[in-house]
Each structure stands twice: as C-alpha cells, then as structure tokens.
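A.B. asks: Structure in structure tokens, see below.
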Amino acid sequence: MVAPGALLDALPQPLALLDARGELLAANPPFRAQLEGFAPGCKAWDLLPEAAEALAAGLRGTPGRVGIARLSVSLAITPCARGVLLALTPTGDGQDERLALLGRLAGGIAHDFNNLLGVILGAAAAARVAPLPDEVAVEVAAIEAAAERGAALVRQLLAFARQQVLAPRSVALNDTVMQFVRLLPRLMGPGITVEMHLEQPSRHILVDPDQWSRVLLNLAVNAREAMGARGRLTFTTGRRLVLADEIAAGEVLPPGRYVTLELRDTGPGIPPEVLPRIFEPFYSTKLESGGTGLGLATVQGIVGQSGGRIEVECPPEGGTLFRILLPRAEPPAEASAEAAPTLPFPEPVVAHPAGPILLVDDERTLLRVAALTLTQAGYEVLSQEDSQDALDAIREGLRPVLLVTDVAMPGLDGLELARAARAVQPDLPVLLLSGYSAASVGGAPEREGFAFLAKPFTPEALCAAVAARIAASG
C-alpha cells in the first residue's frame, strides 16, 4: 500500500491530508513551501485560522472552498476516506486571468466605440442647427436615439470592466431600498410579495444613485424570472465588521466597516453547475429569449467599482440569496442635504475669453465635430491631431485659454501633454476627454486639478464642461 505522503509528493499541486480529527497527516513540498509552520500532527485550523469554519464542515463531510488572502490562494476542502484533502490554488488562476483580459478588451472596445458614438451624436446635433424638413428631422432624431442606446450598451461593458464613469454620493441605504420597493408592484406582478427588514438606524453608502438603481433592478428582475408568477422577495439590510482580508470568488474585501443588503427570493435556486458561472460576462441560460449575459456581470462590476463585493448563496431551504457588501460612508453634511441637485457640468454664464481653445484628438472626425461645436458656441478654436505638434506650439509661444485633449493617443498621451503644457504655462486650465473613467487615468483629474468629460458626450455637455472649466480658472 502506497503511503499518503509518497502519493502527495508525486503531484505538483500543493496538497495536504488531514485525519478525522483535523490533524495534518501529510503534505507535499509545494504545500509546505506555501504554508510555513507545517508539522505532522498539528491542527489545520492553527495554521489556517481564517478557514476554521470551512475545515470543520469538511470534517463533517461537506466540501468547500475559502480564500486565504495573506497567501493569495484559494483553499479547496474535499472529504475523503482518510479524512480531508486540502488543495491550494492561486487566486489568479487561468479563469481570473481570462476574465481580466476580457475586461481590458471590453474597455478598449468601449473606448473606440465611444469615439464613434461621439461623432454620430455631434454630427446629428450639428445637422439640427440648420432648418430641416420634418421628415429629415425625424431621421436625425432616430440617429440620435440609436446612438444613445449604443452608449447605454457601452456603459454596460465599462461597468463589467470597472472603467465606467461614476458620480458617487453618500445616500442612506434604507432610503434607497424603500424608494425602489415603491416601484416594484407593477414590475413583480400581483402574485409576488415584497418584504423589507431594514436595520435601524439606516447607514450610508457611497454610490452613484443611477448605477445603484440599476443593481437593484437587475437583481429584482432576476428574482422575478426565477420565481415565475408567485413567490416572495425579501430585502434585508444590516452591517458587517471585516477584521482581515476576505477572499470570495477571487474578490478581495479589505478590513473595514461594511453595510450589507440581502435580496432573497423563494424560487427554485440556481443549479450547482450554473452557480460558479453566473457573474461571467456573456454567460446566460436565456440566450434563446434574448439574454445578453451582461446583467450580473454589470452588477458585479458596479459593486466592485464602488469598493464592495457581491456574494450569492442557495440556502438549503431553497431560493437564492444575493448579498451586497459596500463600505460604510459618512452621512452628507446638513447643508448639502438641502441643496438642489446639480448637473455634472453646470452652465455658468461667462464671457467668451480672449484667446483660443487648443483642442487635441487623434480621431480626425471627432476632432472636426468637437471643433465645429465649440466654434458655433462662439469660441476661437485651434485643432491639432498630433499631441506633439500641440506641445510644440505651446513651447513656441501659443498661450491657449484652455487645453481640451483626449487621453488615449499614440505617442504623447493626453496626460503627458497636459503635464508638459503646464510646465510651460502653469496656470493652463485642462479638460480631459476619454472613453474610460476618470479612475482609469490614475486619479489625475482630481489630484492635478484637471477637469474630466466622459465620451460619448453631447455638444451641450461639451460646451457646458468648457464653460465650467474656464469659469473655474477665473
């Protein structure tokens, strides 16, 4: 009979074997290299305290998996005839890498597509300036509507890639749930009961309200489809204190105070073979009925970009439970609570400055449309397709009143151009344009005093952003 240690030593994956009491019988060299302190007979939960509960369940015959953040590994726990087999897998396994690659690809496609949509929206708006026959105006409106729908799809891709533009503010979690539930009766139908169990006092979260509504709507629609015509959907709020890094499904939750929201339905639950894949982009069990497979991937992206994590369970009693954890935020100041809502780019009334706006974008058509928009608004505009030529012009004496530049450009990118231009003209106001979120450019807009406008933008949004940036510069 082959000894357990000899069998494990022949395998390349980090493996260890526990006896029925949870004591280590054997471990191969890769496992010992990952986990210091191994000695035959020691208790597994002494070495892996964060997995103590899962290890106890494994000794009772229940397999499981738990993340070990400090080791950047996932621990698989499998009951066997001799006790329990432990296997360590890096959290950055092939699946994670493939999803990360897909996220980068989605972000790149979204950026290029946003440029095209910007051209379409800008050209349509320019066409509306001229008197149009009614039948032509209808077609222009259809073009704009289609471009807006395309922009909504791009936002979904950016949400999955966690590169969308968010406008977060502090909101009371309970308030958002109550407001949302008021809208549910028509969506859910008369056979589905909606209940709320809201912990008091209500705690605040920092989210983009529009994107948070999308999260709630997507999960509610999923619950309705799972339950059919009859059932119960329950919203429960609470809190959790995380003392050490937690890993679940490759998502790391750092220590801190979190607010929780659980949505539980009474449907049949998610099949075990489907459960591990529900957050994969483009994976759907409803492709034949028009499902895109982006719904839950988008939800996970929004929650992740907001600093939280979403978990899913299928309890033994049935149904499905989605749990969202978001960092606890401070309530807004009283003064701001009563203030009227503001647009992302207010439209101050300013006199047009004496001097040109330097507009830089390597996308020629978009550059032409943006220049036309600003010229029609009364600004003097100098356009450059090449960022190095734009910088050379500043170094040779050009003093623009505003630099408006795309971020992603070949050679000298928009951030490098802005910084180099500021070295020559320190008080130069800058407006960055990008199909990516502000966070994707390393926090430069906020940290360095640059304004930011996400693509695709309407001509009105561009003019408002330019006016606001010029006004802010005094």
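A.B. asks: Would you check which residues across the stretch 309-339 are at pLDDT 50 or above and among the acidic types (Asp, Glu) and list them? Please lay out each step first, then the result.
C.D. replies: From the stretch 309-339, those at pLDDT 50 or above are 309-334; that's our starting set.
Of everything in the stretch 309-339, those that are at pLDDT 50 or above and among the acidic types (Asp, Glu) turn out to be 311, 313, 317, 330, 334.
A.B. asks: Going by what's in this entry, would residue 226 be described as among the aliphatic types (A, V, I, L, M), within 18 Å of the chain's Cα centre (by Cα), open to solvent by 40 Å² or more (accessible area, probe 1.4 Å) and modelled with pLDDT under 90? Don't jump to the end; show me each part of the working.
C.D. replies: Details: among the aliphatic types (A, V, I, L, M): yes; within 18 Å of the chain's Cα centre (by Cα): no; open to solvent by 40 Å² or more (accessible area, probe 1.4 Å): yes; modelled with pLDDT under 90: yes.
The answer is no for residue 226.
A.B. asks: Same structure again: Do any residues in the stretch 463-474 that are under 10 Å from residue 431 (Cβ atoms) and open to solvent by less than 40 Å² (accessible area, probe 1.4 Å) have Cβ atoms under 7 Å from those of residues that are among the β-branched types (Val, Ile, Thr) and at pLDDT below 85, where the two are at least six apart or on different chains, and which pairs are they?
C.D. replies: 470/350
Each row is one residue, and each column tells you yes or no for (1) touching a helix residue (DSSP H, G or I) at 6+ places or on another chain (Cβ under 8 Å); (2) open to solvent by less than 40 Å² (accessible area, probe 1.4 Å).
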{"position": "190", "(1), (2)": "no, no"}
{"position": "196", "(1), (2)": "yes, no"}
{"position": "200", "(1), (2)": "yes, no"}
{"position": "221", "(1), (2)": "yes, yes"}
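A.B. asks: Going by what's in this entry, would residue 6 be described as among the aliphatic types (A, V, I, L, M) and either open to solvent by less than 30 Å² (accessible area, probe 1.4 Å) or at pLDDT below 75 (or both)?
C.D. replies: Working: among the aliphatic types (A, V, I, L, M): yes; either open to solvent by less than 30 Å² (accessible area, probe 1.4 Å) or at pLDDT below 75 (or both): yes.
Spelling it out, residue 6 is indeed among the aliphatic types (A, V, I, L, M) and either open to solvent by less than 30 Å² (accessible area, probe 1.4 Å) or at pLDDT below 75 (or both).
A.B. asks: If you don't mind, another one. Could you list, in sequence order, all residues of the stretch 35-45 that are surrounded by fewer than 17 Cβ atoms within 10 Å (Cβ to Cβ) and more than 15 Å from residue 19 (Cα to Cα)?
C.D. replies: Passing the criteria: 36, 37.
A.B. asks: Applying the selection to the stretch 14-29, what residues are buried (at least 17 other Cβ atoms within 10 Å of the Cβ) and at negative phi? Don't jump to the end; show me each part of the working.
C.D. replies: Step one: list which residues in the stretch 14-29 are buried (at least 17 other Cβ atoms within 10 Å of the Cβ), which gives 14-18, 22, 24-28.
Within the stretch 14-29, 14, 15, 16, 17, 18, 24, 25, 26, 27, 28 qualify.
A.B. asks: Taking the stretch 186-241 as the region of interest, how many residues are farther than 28 Å from residue 254 by Cα, in a helix (DSSP H, G or I) and of a type in the set (S, T, N, Q)?
C.D. replies: 1
A.B. asks: OK, next. Which is within 20 Å of residue 301 (Cβ to Cβ) and touching a helix residue (DSSP H, G or I) at 6+ places or on another chain (Cβ under 7 Å), of 237, 176? Lay out the reasoning, then the answer.
C.D. replies: Details: 237 fails: within 20 Å of residue 301 (Cβ to Cβ).
Just a single option satisfies the conditions, and that option is 176.
A.B. asks: Next up: From the residues in the stretch 174-206 that are closer than 14 Å to residue 306 by Cα and at pLDDT 90 or above, which one is nearest to the chain's Cα centre (by Cα)?
C.D. replies: So the first thing to find is which residues in the stretch 174-206 are closer than 14 Å to residue 306 by Cα, and the list is 204-206.
Filter again for at pLDDT 90 or above, leaving 204-205.
On the way: 204: 19, 205: 15 Å.
Per the stated criteria, the residue is 205.
A.B. asks: Answer yes if at least one residue in the stretch 223-236 is among the hydrophobic types (A, V, I, L, M, F, W, C) and more than 25 Å from residue 316 (Cβ to Cβ), and no otherwise.
C.D. replies: Here is the first cut: in the stretch 223-236, the residues among the hydrophobic types (A, V, I, L, M, F, W, C) are 223, 226-227, 229, 233, 235.
Those still in the list that are more than 25 Å from residue 316 (Cβ to Cβ) too: none.
Taking every residue of the stretch 223-236 in turn, none turns out to be among the hydrophobic types (A, V, I, L, M, F, W, C) and more than 25 Å from residue 316 (Cβ to Cβ).
The values are calculated or read from the model by the stated rules, or taken from the named source; none is laboratory data. Note that the structure is predicted; figures quoted are calculated from it, not measured. For neighbour counting, all protein chains shown are included, and Cβ atoms are generated from backbone atoms with ideal geometry for every residue, glycine included. Just the protein is used for accessible areas: all its heavy atoms, side chains included, with ligands, DNA and RNA removed. Shrake-Rupley method; radii C 1.70, N 1.55, O 1.52, S 1.80 Å.
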